[in-house]
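A.B. asks: Pasting in a structure now, in structure tokens, and then I'll have a few things to ask.
Readers should treat all values here as calculations from the given coordinates under stated rules, not as data from a laboratory. What you see is a predicted model; the values in this text were computed from it and never measured. When we count neighbours, we look across all protein chains shown, and the Cβ atoms used for this are built from the backbone with ideal geometry, even at glycine.
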Amino acid sequence: ITSIKFKKSMRWGNNDIPFVRPIRWIVAMLGKNIIPLEINGIKAGNRSYGNFNVDKSGFEFESVDAFLKGLEERFVVYDVEKRREVVKSSLKSVFDRHNLKLIINEPLLDEVINILEYPVPIEGGFDEVFLNLPIELLEIVQVRHQRYFPLLSGRTILPKFLAFANNPIGDKEIIRKGMEKVLRARLNDAVFFFNEDKKRDIRDMAKSLNMVLYQKVLGNYDRKRDRIVDISMLISEMLGLDDAAKDKVRVVAELCKADLVSLSVGEFPELQGIMGKYFAINSGLDQEIANAIEEHYRPRFSKDIVPDSLIGAVVAIADRIDHLCGLFLVNQQPTVSSDPFGARRAAFGVVDIIREKRFSTISVGELIEKGLSLYDESEIRKWDNKIALNKKARDEIMDFFRMRIKMSLSENIKPDVAEAILNAGDGIEDISSIFERVDALREFIGGEDFEKFAVVYKRASNITKDFDSTAVDEGMFEYEEERALYSSIKKIKDKYLALVDKREYLEAMRLLRENLYEPVFKFFDKVFVMVDDERIKNNRLALLKSVVTLFREIIDLSYISSM
């Protein structure tokens, strides 16, 4: 018991041993025998208690079966999965009755079944006037503060809720009225916050961002907003957006954090971005800009959707790039065991957005360099050498991205294949290309001819590792296999590079397979490369280097493990 660690512990009375809650009794038995131990003055015994709303006298027992039976008789559903089924069944019944599609809030479900011993469903309601609040605000008030299940399906919400009490013998009507009274007070607070916020234009809110701390070393949100604007404009250039789109990107970047100064977000931080959307509409901005303000927080968690709009995606990437640059500059990058500032989530977000949106012209390295350059002495107070510090941070962030991309790839392909793709083309500078190449290579990876060729390719890669030239002299060929291989390279090279340039990787790989596999096999069967004649040896190395170089536009097969 004393070895169990909690994030937060407490001491009570005159006791020295901390625990998550006060220890009232201890049951410690081996068979029918009580284990003699004492903690904080409490001796172990064979007495336990059931649901205190029903019985506070407790009961003694001499076996596990008797213990479980005693709990059941005293209104304790000891099996957490049975409690889960009780709650889920109650939810399904109520949602079916109101013709709503049930989508269970799993985190809320987990919390409810772990704080109740005997879940008793209580259906309640609230005044329809509260339906004028944003649906997300209505939901969060019920879920976070009260642990109620809103009757919500998509964009439809009813002025009703389903809650669960822990009192199987209490008057349900009295319990329901108590729950409704508490919720009514919470909703009145939400109405006040929302109405007060609506009195301000969102552009006016943005002017107060200098009052909101971003990070104790990195300064306030007004400077972060300015950096997001600058990075967003660079992304807009990379994507070739027209002037009208750039203007919208700038507006969203300037306003995306404005709702942080609002009363609503101050009370419900989970709604940042969402409330910004409503404030933007209230301030007369068009729906596209309002939606993008909300979307720039996506993806909020693993497997979440990315922004729908191009504008939202641009600002979302800019926000995360700035976040990562700041964290690495002040040595707040995540450790193996903790990530308090969400750096991993930010990096995965950038990767997911670029992949889903197929942003093929975005250079992550260039964005990082831009992001780092925007921090100055006012944010980073102890520059040793700004250029050296920026380079160190850039390299660390690029490595960080590399690990996140490799983890994403390894969900569907083997780690060695992931390495082979990451070390080809432009590496992680072009994230979209990495995932496009993975899709194209699915036809080849795992095939017998692919694995055989990977072995031969590895030989070519190894012997040309320190050789850079691809200049081949046809006049020095001694074997027909040399001529055949060189002829195949010349035949497809221009077409292949054009396909790669157009990102038609599947067709490019088919071209290599159909024209180079066989000639390379035959070359190694017949030709000895490392001959004494230096000129002939170098010519053959150049020929093989040409093959390696072509493949490395898409994949470096030298990383493929032997089967």
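A.B. asks: Provide the percentage of antiparallel DSSP beta bridges, counting only those with both residues in the chain; round to the nearest 5.
C.D. replies: 95 percent
A.B. asks: List the aspartates and glutamates whose alpha-carbon lies under 17 Å from that of Lys181, not counting same-chain residues fewer than 8 positions away?
C.D. replies: Of all the aspartates and glutamates, those that pass the test against Lys181 - Cα under 17 Å, at least 8 places apart if same chain - are Glu123, Asp127, Glu128, Glu139, Asp171, Glu173, Asp189.
A.B. asks: Per DSSP H run of at least 4 residues, take -39500 (n - 2.57); add these up for the chain, divide by its residues and hand me the 222 nm value, nearest 500 deg cm²/dmol. Before the final figure, lay out the partial values.
C.D. replies: Numbers: 21 runs with 297 residues, N = 563.
It lands at -17000 deg cm²/dmol.
A.B. asks: So who's got an amide H within less than 5 Å of the one on Gly45, skipping anything under 5 residues away but keeping other chains? H placed 1.01 Å off N, in plane.
C.D. replies: Ile26, Val27, Ala28
A.B. asks: So, with +1 on the Cβ of K and R and -1 on the Cβ of D and E, and no other charges, what is the size of the charge dipole of the chain about its Cα centre, to the nearest 20 debye? The partial results should precede the final answer.
C.D. replies: Details: 86 positive and 92 negative charges, 368 e Å.
Dipole of the chain, to the nearest 20 debye: 1760 debye.
A.B. asks: What whole-number distance in Å separates the alpha-carbon centres of segment 305-383 and segment 392-419?
C.D. replies: 15 Å
A.B. asks: Among Asp525, Asp426, which comes first, second and so on when ranked by fewest other beta-carbon atoms within 10 Å?
C.D. replies: If I rank by nearby Cβ atoms, fewest first, I get Asp525, Asp426.
A.B. asks: Something else now. What whole number of Å gives the distance from the Cα centroid of segment 132-211 to the Cα centroid of segment 462-482?
C.D. replies: A separation of 73 Å, based on Cα centres.
A.B. asks: Right, something else. Of Arg21, Arg344, how do they rank once you tally other Cβ atoms within 10 Å and put the fewest first?
C.D. replies: Arg21, Arg344
A.B. asks: Please compare each pair in Lys406/Lys490; Lys207/Lys303; Lys32/Lys172; Lys5/Lys406; Lys370/Lys406 to a cut-off of 29 Å on the Cα-Cα distance and tell me which ones are over it.
C.D. replies: Result: Lys406/Lys490; Lys207/Lys303; Lys32/Lys172; Lys5/Lys406 exceed 29 Å.
A.B. asks: Can you return the lysines within cross-link range of Lys502? Criterion is Cα-Cα under 17 Å, with same-chain partners fewer than 8 residues away left out.
C.D. replies: Lys357, Lys493
A.B. asks: I would also like to ask the following. Let me know the charge dipole size of segment 435-559 about its Cα centre in debye, to the nearest 20, where only the beta-carbon of Lys, Arg (+1) and Asp, Glu (-1) is charged.
C.D. replies: 160 debye
A.B. asks: If you don't mind, another one. I'd like to know which of Tyr375, Gly284, Val265 lies farthest towards the positive end of the charge dipole of segment 215-409, counting +1 on Cβ of Lys and Arg and -1 on Cβ of Asp and Glu.
C.D. replies: Ranked along the dipole, the leading option is Tyr375.
A.B. asks: Would you mind putting 432-440, 114-122 in packing order, based on average other-beta-carbon counts within 10 Å, highest first?
C.D. replies: 432-440, 114-122
A.B. asks: Still on this structure, please answer the following. Which of these values of Kirkwood radius over Cα pairs in Å was calculated from the structure shown: (i) 29.1; (ii) 25.2; (iii) 24.3?
C.D. replies: (i)
A.B. asks: In whole Hz, what ³J(HN,Hα) sequence does segment 92-105 give by Karplus (6.51, -1.76, 1.60; θ = phi - 60°), x for Gly and Pro?
C.D. replies: Per-residue couplings from phi come out as 4, 4, 5, 5, 4, 5, 9, 6, 10, 7, 7, 10, 6, 6 Hz.
A.B. asks: Continuing with this model, one more query. For the residues Asp304, Asp16, Asp259, what sequence is obtained by ranking on other C-beta atoms within 10 Å, fewest first?
C.D. replies: Listed from fewest to most nearby Cβ atoms, that is Asp16, Asp304, Asp259.
A.B. asks: Based on alpha-carbon centroids, what's the gap between segment 66-97 and segment 223-283 in Å, whole number please?
C.D. replies: 46 Å
A.B. asks: Further question on the same structure: Nearest 10 degrees, 0 to 90: what angle lies between the long axis of helix 448-463 and the longest principal axis of the chain (Cα atoms)?
C.D. replies: Long axis of 448-463 versus the principal axis of the chain: about 60 degrees.
A.B. asks: Now for a different question. Put +1 on the Cβ of every Lys and Arg and -1 on every Asp and Glu Cβ in segment 141-210; which of Gly170, Asn210, His145 then has its Cα farthest towards the positive end of the dipole?
C.D. replies: Ranked along the dipole, the leading option is Asn210.
A.B. asks: Can I ask one more? Taking amide hydrogens as modeled 1.01 Å from N in the peptide plane, which residues meet the under 5 Å criterion relative to Asn220, leaving out close sequence neighbours?
C.D. replies: Correct list: Tyr214.
A.B. asks: Just want the answer: with Cβ charges of +1 for Lys and Arg and -1 for Asp and Glu, which residue in Val548, Leu422, Ile103 is farthest toward the dipole's positive end in the chain?
C.D. replies: Of the candidates, Ile103 comes out farthest on the positive side.
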